């Protein structure tokens, strides 16, 4: 199977560099290039790429808005956000918009290729240690379900109710697993903490995503924080069995 990739960046030299790396692989092909978000949305609909490598800062429509439009359109294409350290404030917005993860623009070629293959296979590319760093950096930006009555930082009553309804679909064990995923643990780490096999954890994660109607574990992390299942200041829960 050939993985079809759409490159989105307003810098032609960067697109050229990414294209050279990607097209050196027999299982990856670049189906198009876009220099802004509007073109990215149009070309995604036209070419149906498996993966959209999406820059954030672009003229006209930026990468976050383009990601929202692609996801809202119901396209099967998955989005990888491209960022730099000084643009990290946009990462959480991209994940909330429906991106399947993020990459730094100076990512080593091998990591870029692995990430694209991972996302094309239906998983997310934010590694557990990066998830922890992301949560450390952005947890304070997430809405607190118990925030003040002025509503400035609290979730709306409707949002809280909707989140509670979705959480009610999970078994107690699935809620445990979701909490560990939200803490940034890998399947192997969760297996050790909950005394389960790694295959069982993988099955639980798949069921959680299906029941909560989420695309991947990155969205599960954001969901867990937004619904208050785990709090930004909380440490990974401990279990005796």
- request: Looking for whichever is within 20 Å of residue 2 (Cα to Cα), modelled with pLDDT of 85 or more and outside the structural domain of residue 187 (by TED's automatic domain parsing) here; the options are 44, 118. Which one fits?
  value: 44
field: Residue among 53, 104, 80, 95 that alone is closer than 26 Å to residue 221 by Cα and surrounded by fewer than 20 Cβ atoms within 10 Å (Cβ to Cβ)
entry: 104
- prompt: Which pairs have Cβ atoms under 7 Å, sit 6 or more apart or on different chains, and link a residue in region 166-187 that is at positive phi to one that is in a helix (DSSP H, G or I) and buried (at least 18 other Cβ atoms within 10 Å of the Cβ)?
  reply: 184/131; 184/135
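Do we have residue 32 as modelled with pLDDT of 95 or more, under 24 Å from residue 121 (Cβ atoms) and crowded, with 18+ Cβ neighbours inside 10 Å here? Give the derivation first.
Numbers: modelled with pLDDT of 95 or more: yes; under 24 Å from residue 121 (Cβ atoms): yes; crowded, with 18+ Cβ neighbours inside 10 Å: yes.
In short, yes.
Only residues that are part of a loop (DSSP other than H, G, I, E, B) and modelled with pLDDT of 80 or more: list them for region 73-100, please. Let's see the steps before the verdict.
Of region 73-100, the ones part of a loop (DSSP other than H, G, I, E, B) are 73-77, 84, 98-100.
Hits for region 73-100 are 73, 74, 76, 77, 98, 99, 100.
The values are calculated or read from the model by the stated rules, or taken from the named source; none is laboratory data. The shown structure was predicted, so the numbers you read here are calculated from the model rather than taken from an experiment. In this analysis, Cβ positions are derived from the backbone assuming ideal geometry, glycine residues included, and neighbour counts consider all displayed protein chains.
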